[in-house]
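Take a look at the structure set out below.
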2 protein chains.
Amino acid sequence: MAHINTTQYALLGMLSYMPMSGYDLKKFIDQSISFFWSENYGHIYPVLKKLEQEKFVTKRVEHNQGKPSKNIYSITQEGLSVLTDWLAAPVQKEIYRLEILLKLFFGYLTETGTMIEKVAVHKKTAEKTLRELLDIENHINTQHHDLPKNKPPYQLLCLNYGKHFYNMVIKWCDETLGILQAAKNNQQ
Amino acid sequence: MAHINTTQYALLGMLSYMPMSGYDLKKFIDQSISFFWSENYGHIYPVLKKLEQEKFVTKRVEHNQGKPSKNIYSITQEGLSVLTDWLAAPVQKEIYRLEILLKLFFGYLTETGTMIEKVAVHKKTAEKTLRELLDIENHINTQHHDLPKNKPPYQLLCLNYGKHFYNMVIKWCDETLGILQAAKNNQQ
DNA sequence: ACTTTATTATATCACTCTGATATATTATAT
DNA sequence: ATATAATATATCAGAGTGATATAATAAAGT
């Protein structure tokens, strides 16, 4: 067997905020947790169907003028229960597959300049994502939404991970670029 | 279509070091790049078969006394060529799926103590991996293997990423645990 | 008026990758 | 003599990715 299906819990968690369609879920995920989690239609729709069969969500059809109809899913008591069970269960082994590092590991097979370019692009991407995260943080901080009293600011804790992560990536890129550039200068 | 098959390049890259069997490849990967890359038998064997059909590797059977026979794969000139082409190609979009953050994001649905435990375990795991990385670094530094002159120390650059990453994770865990503990004390 | 393009919405498919299990051989420990 | 561990390959169900197909309506360009 593969990993347990984590997508179902991601969807249930998002539906605990509010009832949504598959299309809404994708948009919501992309706009809130995309820096550490992603889902795609090819998985969302079949998983929603499965969750409905298991009675963890209920479906109703919403007819909209000016837009196609959509299937709105709501989480059930049973769904909320399996979601909180999952929250308490141990985290599965995290799998990292960092293609940038795989290329760098085999860097000796190619020109130093090729690797410099890869790392430079990686840095640019990290800087862009960091700016987006800071925008989100700003957005959360300026809107005075009533956070539940005495509950930790979970969204900000996640965001803080992103800030730490991308700052670290930028720092590593700078260090690495320095070493690569020095080696390249030495070659000439 | 899904992502392009990156496993084939990981295997070709490893075979550029020396000819190996599928079993050897798995061991080699687990012992060298497991902190940023993983492969498993269920993928290694079919990909090796495909690489052989495409003439990017050749197979010979090695009969060993005391051990089962094994299929030793060697990279061909053509294989080396597609490998270096891949090195020069842009890095695919990196996909992050951090289950620990997904749980934390939905933390408001459960007890603060549950989330404290998750983050504490995460910290312990990071500390253990960091210690393993430092052992590998020590190992690389003490063995005086002749690094190619004027070539950047690519293995150490990758390792350095791991050190930055796990140190960052530990720092974030400490910050997060402080905030969660404060919130919990406030609840009582 | 007509066509193109963008957005909303769902479904499906080929392919990648994961983790478990099955099978077989030999070495080592009990 | 038996159990266990290590070596070695193969296979399978299921998770997850990204592309494409389909269809409805809105907006924009010609």
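Quick look at the values:
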item	result
Flag if B:GLY79 is open to solvent by less than 60 Å² (accessible area, probe 1.4 Å), small (Gly, Ala, Ser), more than 9 Å from chain A (Cβ to nearest Cβ) and near DNA strand D (Cβ under 10 Å from one of its atoms)	no
Every residue from region A:1-42 that is of a type in the set (Val, Ile, Thr) and either under 24 Å from A:ASP135 (Cα atoms) or assigned to a loop (DSSP other than H, G, I, E, B) (or both)	A:ILE4, A:THR6, A:ILE29, A:ILE33
Scan of region A:43-59 for residues that are assigned to a strand (DSSP E or B) and either within 14 Å of chain B (Cβ to nearest Cβ) or farther than 17 Å from A:TYR17 by Cβ (or both), ordered by number	A:LYS59
Selection status of A:TYR73, within 11 Å of DNA strand D (Cβ to nearest atom), modelled with pLDDT of 95 or more and within 27 Å of B:THR110 (Cβ to Cβ)	no
Test: residue in region B:18-25 that is within 11 Å of DNA strand D (Cβ to nearest atom), modelled with pLDDT of 95 or more and touching a Ser or Thr at 6+ places or on another chain (Cβ under 8 Å)	no
Test: residue in region A:107-114 that is of a type in the set (A, V, I, L, M, F, W, C), modelled with pLDDT of 95 or more, open to solvent by 30 Å² or more (accessible area, probe 1.4 Å) and under 26 Å from A:SER16 (Cβ atoms)	no
Cβ pairs under 6 Å, 6+ apart, first in region B:58-83 and at negative phi, second of a type in the set (D, E, K, R) and surrounded by 14 or more Cβ atoms within 10 Å (Cβ to Cβ)	B:LYS59/B:GLU52; B:GLU62/B:LYS70; B:ASN71/B:LYS59; B:TYR73/B:LYS59
Residue that is farthest from B:TRP172 (Cα to Cα) [pool: residues in region A:176-188 that are facing chain B (nearest Cβ under 7 Å) and open to solvent by 20 Å² or more (accessible area, probe 1.4 Å)]	A:GLN187
Within region A:22-60, tally of residues that are farther than 20 Å from A:GLN77 by Cα, more than 13 Å from the chain's Cα centre (by Cα) and open to solvent by 40 Å² or more (accessible area, probe 1.4 Å)	6
Top-ranked residue of region A:93-118 - restricted to ones that are part of a helix (DSSP H, G or I) and hydrophobic (A, V, I, L, M, F, W, C), ranked as farthest from B:THR7 (Cα to Cα)	A:ILE116
Members of region B:93-106 that are in contact with a helix residue (DSSP H, G or I) (Cβ under 8 Å, 6 or more places away or on another chain) and either surrounded by fewer than 16 Cβ atoms within 10 Å (Cβ to Cβ) or more than 7 Å from every other protein chain (Cβ to nearest Cβ) (or both)	B:GLU94
Check on A:HIS139, under 29 Å from B:LYS171 (Cβ atoms), more than 17 Å from the chain's Cα centre (by Cα) and open to solvent by less than 40 Å² (accessible area, probe 1.4 Å)	no
Any hit, region A:82-92, residues being within 12 Å of DNA strand C (Cβ to nearest atom), of a type in the set (Gly, Ala, Ser), within 11 Å of chain B (Cβ to nearest Cβ) and not in a loop (DSSP other than H, G, I, E, B)	no
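Matching residues to (1) over 30 Å from B:LEU15 (Cα atoms); (2) of a type in the set (S, T, N, Q); (3) within 7 Å of another protein chain (Cβ to nearest Cβ):
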position	(1), (2), (3)
B:LEU109	yes, no, yes
B:GLY113	yes, no, no
B:LYS118	yes, no, yes
B:GLU127	yes, no, no
B:LEU130	no, no, no
B:THR142	no, yes, no
B:PRO153	no, no, no
B:TYR161	no, no, yes
B:MET168	yes, no, yes
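The values are calculated or read from the model by the stated rules, or taken from the named source; none is laboratory data. Note that the coordinates shown come from a computational prediction; the quantities given were computed from them, not determined experimentally. Glycine also receives a Cβ, built like all others from the backbone with ideal geometry; neighbour counts cover every protein chain displayed. Side chains are part of the model used for accessible areas, which takes the heavy atoms of the whole protein and leaves out ligands, DNA and RNA. Shrake-Rupley method; radii C 1.70, N 1.55, O 1.52, S 1.80 Å.
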